[in-house]
């Protein structure tokens, strides 16, 4: 059975930290392909003013161009309302019935999984791969996970790149360089579209 990675996020903008996580997961868990899934409205970021979805998709497409193992899935942007992981996973399971889904996330998200819509269904629909995030240990993340669903979460350490989209936006706003934080093609698109200014 094909192994399909699912990597959701705002990607505002996508950066080398995101790309490194995706590549690490692909290699370590033998994933055949990774879908980057830009969300329209995160339930945890309602009220935030993020860059329009079409531009965030463009940024992701620029960042992953040339990698045959990466592509963008825009299903969340085509749905009305807030983006819920459970709905995304159900849609992907229907669209890719011959694939096992691997949902890429962080220990910070797993810690808060009790706040998600239908967390048990999420963990049944996909194998979760939780990469360690600063300040959130595996033990802390496990607290919110029902015992019977713990096997559905793989905790993974990696030498991550400590980069944040917030920092990148702030640097652009302050007219500081973002080179080597994001791919050159993403730098060019941000400059062309005058994003984050």
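For region 87-101, taking the residues that are under 14 Å from residue 7 (Cα atoms) and touching a helix residue (DSSP H, G or I) at 6+ places or on another chain (Cβ under 7 Å), the one that is surrounded by the fewest Cβ atoms within 10 Å (Cβ to Cβ) is identified as 101. The listed residues are 109, 139, and the only one of them that is part of a helix (DSSP H, G or I) and surrounded by fewer than 14 Cβ atoms within 10 Å (Cβ to Cβ) turns out to be 139.
Give the residue that is nearest to residue 19 (Cα to Cα), with candidates limited to residues of region 151-172 that are surrounded by 11 or more Cβ atoms within 10 Å (Cβ to Cβ) and without any contact (Cβ under 8 Å) to a residue 60 or more places away in the chain.
Just the residues of region 151-172 that are surrounded by 11 or more Cβ atoms within 10 Å (Cβ to Cβ), to begin with: 152-156, 158, 160-161, 163-165, 167-172.
In the following step, the residues that additionally are without any contact (Cβ under 8 Å) to a residue 60 or more places away in the chain were identified as 152-153, 155, 167, 170-172.
Values: 152: 23, 153: 21, 155: 18, 167: 17, 170: 20, 171: 20, 172: 20 Å.
My answer is 167.
Evaluating residue 62 against the criteria (1) part of a loop (DSSP other than H, G, I, E, B); (2) touching a residue at least 60 places away in the same chain (Cβ under 8 Å); (3) closer than 30 Å to residue 180 by Cα leaves one unmet condition, (1). Among the residues making up region 117-136, those that are over 19 Å from residue 20 (Cα atoms), without any contact (Cβ under 8 Å) to a residue 40 or more places away in the chain and outside any helix (DSSP H, G or I) are 118, 127, 135, 136.
Looking across region 179-197 at every residue that is touching a residue at least 12 places away in the same chain (Cβ under 8 Å) and over 19 Å from residue 65 (Cα atoms), the one that is farthest from the chain's Cα centre (by Cα) is identified as 197. Once region 66-86 is narrowed to residues that are touching a residue at least 24 places away in the same chain (Cβ under 8 Å) and not in a loop (DSSP other than H, G, I, E, B), the residue that is surrounded by the fewest Cβ atoms within 10 Å (Cβ to Cβ) is 71.
Determine whether residue 22 is closer than 23 Å to residue 122 by Cβ and surrounded by 14 or more Cβ atoms within 10 Å (Cβ to Cβ).
Values: closer than 23 Å to residue 122 by Cβ: yes; surrounded by 14 or more Cβ atoms within 10 Å (Cβ to Cβ): yes.
So residue 22 passes the test.
None of the figures in this text is laboratory data; all of them are computed from the coordinates on show. None of these values were measured; they are calculated from a predicted model. All Cβ positions, glycine included, derive from the backbone under ideal geometry; neighbour counts span all protein chains shown.
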